[in-house]
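One structure is given below, encoded as structure tokens.
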Amino acid sequence: MPANSTIRSVISPGRYAQGPGAIARLGEFLTPIGSTPLIVADDAVWGFVGHDVTSSLKTAGLPVIREAFRGIPSAKEINRLVDVIKSENADVVVAVGGGSTIDAVKASGFLAGIRWVTVPTVASTDAPTSALAVVYTDDGAFEEYRFFPRNPDLVLVDSQIVANAPAAFLAAGVGDALGTWLEARATAASNSLTMAGGLPTLTGTALAHLSWDVLWDNALPALDAVRDHLVTPAVEKVIEANTLLSGLGFESGGLAAAHAIHNGLTAVPQTHGLAHGQKVNIGSLTQLVLEGAPTGDIRDFIEFTTRVGLPTTLTEVGLTAEDTHELDLVANAATVPGETIHAMPFEVRPADVVSALKSIERFSRRVRDEASLPEPRPYVAAH
């Protein structure tokens with residue numbers, strides 16, 4: 001949708017379905033969408049969902065055609081999947097897995113001219129519902145956003161599969177989703193354009209705020225439940241907040257500094273092994289500093305997200321306050337023309353980002369020490 005300075009809009013997936021055992025109904029939900037689905041899943045994911053997906057498709061009378069995803073949603077991988085879609089004559093492509101698989105499938109489905117469906121097996125990002133994909137270089141650095149004229153036709157989330165995954169995935173999703181409200185309120189204050197192609201709507205902003213409230217009330221008990229692979233009401237609420245509420249909230253409410261700083265962090269190799277939501281959490285904290293938010297709000301955010309298991313210091317993302325060259329790279333990448341940081345209600349320069357990033361190290365350590373929370377541990381990226 002072309003950007004418009006006067007239109008306000010909300011976009012959303014055609015259908016959202018969530019619950020324990022939902023994977024068994026995939027074939028049923030796919031039948032009205034297409035007759036020749038191509039399932040895209042990496043080998044690890046296929047190892048634990050392949051049987052259920054196969055059974056569901058066969059029950060619905062659909063063929064079972066599966067292609068392995070190769071790890072990074074790069075232009076090369078997207079184009080490869082387009083070739084597979086065409087060779088199989090698929091009329092709907094189905095992403096089964098995490099955010100990287102989902103972004104690659106959305107982009108390839110669009111290029112191939114067919115419909116697309118997402119089946120997230122973790123609640124670690126809000127990618128499943130959106131009409132955009134984040135594309136990376138083959139080395140894992142942020143390259144571009146790609147926008148599509150529609151959202152997925154179906155988002156299907158099996159909450160038991162999400163609960164069976166390591167709790168760190170759900171924690172990362174909390175980090176991604178908490179940034180949604182901070183960015184949506186900044187976008188509303190500046191009346192900037194959103195990813196939906198217009199000005200922010202009351203609906204998008206309200207859903208972003210609801211996501212924030214749900215997570216503050218439910219994230220900690222939900223994480224305890226999934227450590228025992230249990231599906232509780234708190235788990236269901238957090239899955240919905242991470243996936244649907246955050247997805248609608250960021251897309252129709254707006255992105256600002258937190259995700260731009262995430263994108264900047266991908267410019268340095270030290271952060272490449274971190275989850276999307278872990279880097280977003282550093283971006284959210286940095287955005288609060290840039291805003292001059294009340295100290296109590298920043299303190300509460302540090303304490304809460306530390307308890308969730310998210311990084312709140314440079315140390316935990318493989319950097320230090322003395323890494324001036326690397327922080328300059330991050331700040332420059334976060335403030336390039338067209339980045340979402342320019343939706344903040346004030347000008348943000350690279351030097352401002354560097355100062356804010358450096359400042360969180362000492363303050364976060366102080367807050368964590370006073371709250372008797374764990375000391376930050378250095379993160380070392382795998383190469």
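Values quoted throughout were computed directly from the atomic coordinates according to the rules given, and no laboratory measurement underlies them. It should be emphasised that the depicted structure is a prediction, and the values quoted were computed from it without experimental measurement. Neighbour counts are summed over all protein chains in view; Cβ atoms, including those assigned to glycine, are modelled from backbone coordinates with ideal geometry.
Share of antiparallel DSSP beta bridges in the chain, in percent to the nearest 5?
Percent antiparallel among DSSP bridges in the chain is about 20.
Just to confirm my numbers, what's the Cα centroid distance between region 1-55 and region 307-383 in Å?
Using only Cα atoms, the two centres lie 34 Å from each other.
Using the Karplus curve 6.51 cos²θ - 1.76 cosθ + 1.60 with θ = phi - 60°, what ³J(HN,Hα) values do you get for each residue of region 273-287, in whole Hz, with x for Gly and Pro?
Karplus-based 3J(HN,Hα) across region 273-287 equals x, 7, 6, 3, x, 5, 6, 4, 5, 4, x, 5, 4, 5, 4 Hz.
In the neighborhood of ARG185, defined by Cβ-to-Cβ distances under 14 Å, what is the net charge if each Lys or Arg adds +1 and each Asp or Glu adds -1?
Surrounding charge for ARG185 is -4.
Which whole number in µm²/s is D for the chain by Stokes-Einstein, with the Kirkwood Rh taken over Cα pairs at 10 °C and 1.306 mPa s? Each step should come with its number before you reach the end.
On the way: Rh = 20.7 Å.
Value of D from the Cα-based Kirkwood radius: 77 µm²/s.
Quick one: net charge of GLY21's neighbours, Cβ under 10 Å, K/R +1, D/E -1?
-1
Express the relative contact order of the chain as a whole percentage, based on alpha carbon pairs under 8 Å and six or more residues apart in sequence.
Contact order relative to length: 17 percent.
Taking the Cβ of ALA75 as the center, what net charge do the other residues with Cβ under 15 Å away carry, scoring Lys and Arg +1 and Asp and Glu -1?
Numbers: positive: ARG70, LYS76, ARG80, LYS106, ARG146; negative: GLU77, ASP83, ASP103, ASP138, ASP139, GLU143, GLU144.
Net local charge, ALA75 excluded: -2.
Whole-Hz ³J(HN,Hα) for each residue in region 59-66, computed from phi via Karplus 6.51 cos²θ - 1.76 cosθ + 1.60 with θ = phi - 60°, x for glycine and proline: what do you get?
These are the phi-based 3J(HN,Hα) values: 4, 7, x, 9, x, 10, 10, 10 Hz.
How far is the Cα center of region 57-103 from the Cα center of region 238-282, in Å?
Going from one Cα centre to the other spans 24 Å.
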